[in-house]
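The values are calculated or read from the model by the stated rules, or taken from the named source; none is laboratory data. Bear in mind the structure is a predicted one, so any value in this text is a computation, not a measurement. Note that each Cβ is placed from the backbone with ideal geometry, even for glycine, and that neighbours are counted across all protein chains shown. Side chains included, ligands, DNA and RNA excluded: accessible areas come from the protein's heavy atoms. Shrake-Rupley method; radii C 1.70, N 1.55, O 1.52, S 1.80 Å.
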Amino acid sequence: PYRGGKRSIYEGGMRSPSFIWSPALLKPYQNNAMIHVSDWLPTFWGLASKQGALQPNHPITTKPLDGVNQWNTIQHNTPSARQEILLNIDPYPLGCGHQVPNYGIRWRQWKLILGSGGPPNGWYPAPGQLAAETDTRECGGDKPQSYIELYNIDKDPYEHFNVSHLYPHVVKKLTHKLLAYNATAVPPGNKPVDPAANPSHFNNTWMPWLEEEEKGGEGGRVPYTYSWVQQEVNELPDPCYTGQFQEPEGYWDYDDFWSKYLSLIG
């Protein structure tokens, strides 16, 4: 089975099965070419233009698109029109204000992960296989080195073999690509976890945990936490100040990741 799952940037969290039916397809086949969701718009756009659905006397223009036209790949099972996909550039929250790097990029057959690729980062057991045989496997050696993962997806789609030590020139090339993306990245707008949203406050039911209070002037209606929920939250121990939060061994914080990483690869 593919490694990882939802929220991870391993193949189990990146690949999405899909199918297409059309009389324009020459014959049934399976396609494993690299296609991104952003490719659908330019693909349909190009197909509509080719079929005359767009009037030549009234051309419709768009701003530059992130995707590429993949119709030839889809129709003829040819290699993908793209060679690169940025998988993720935002940090992964650990809690208590800590973040771990969560970079990932695919270029041709290569996939580079810097920082954390998950969670989850294990393998679901295949039918007839015990969970213990798969879900505890690790990729990488000593802890800092395991923050650099390079996989040949064509040969190792299940991401069992970290080959970053064998291809340092590929690691450096993809690192420079990530640095270029990161130079224009916008800081993520993720909100901090609100303990008042925990379903345990509502008989283990997911439901809104905020109500609105009328405020005069331009403020209008302002959301605030139910007072009785806030009281319960205030009575809970704060894991950030009671020792419950434990940093992983060899942990690299997001803020100083690049300085440590670049000194490691030279």
Residue in region 13-45 that is farthest from the chain's Cα centre (by Cα), counting only those that are open to solvent by 60 Å² or more (accessible area, probe 1.4 Å) and among the polar types (S, T, N, Q): 30
Does residue 78 satisfy the condition of being in contact with a helix residue (DSSP H, G or I) (Cβ under 7 Å, 6 or more places away or on another chain) and hydroxyl-bearing (Ser, Thr, Tyr)? yes
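Mind telling me which of the residues 174, 210 ends up being of a type in the set (A, V, I, L, M, F, W, C) and at pLDDT 90 or above?
Working: 210 fails: at pLDDT 90 or above.
Exactly one residue qualifies, and that residue is 174.
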Criterion (polar (S, T, N, Q), at pLDDT below 75, in a loop (DSSP other than H, G, I, E, B) and touching a strand residue (DSSP E or B) at 6+ places or on another chain (Cβ under 8 Å)) met by exactly one of 190, 162, 121: 190
Criterion first (at pLDDT 90 or above, open to solvent by 60 Å² or more (accessible area, probe 1.4 Å) and not hydrophobic (A, V, I, L, M, F, W, C)) does residue 83 satisfy it? yes
Pairs under 7 Å by beta carbon, first residue under 15 Å from residue 43 (Cα atoms) in region 17-33, partner surrounded by fewer than 10 Cβ atoms within 10 Å (Cβ to Cβ), six or more apart or different chains? none
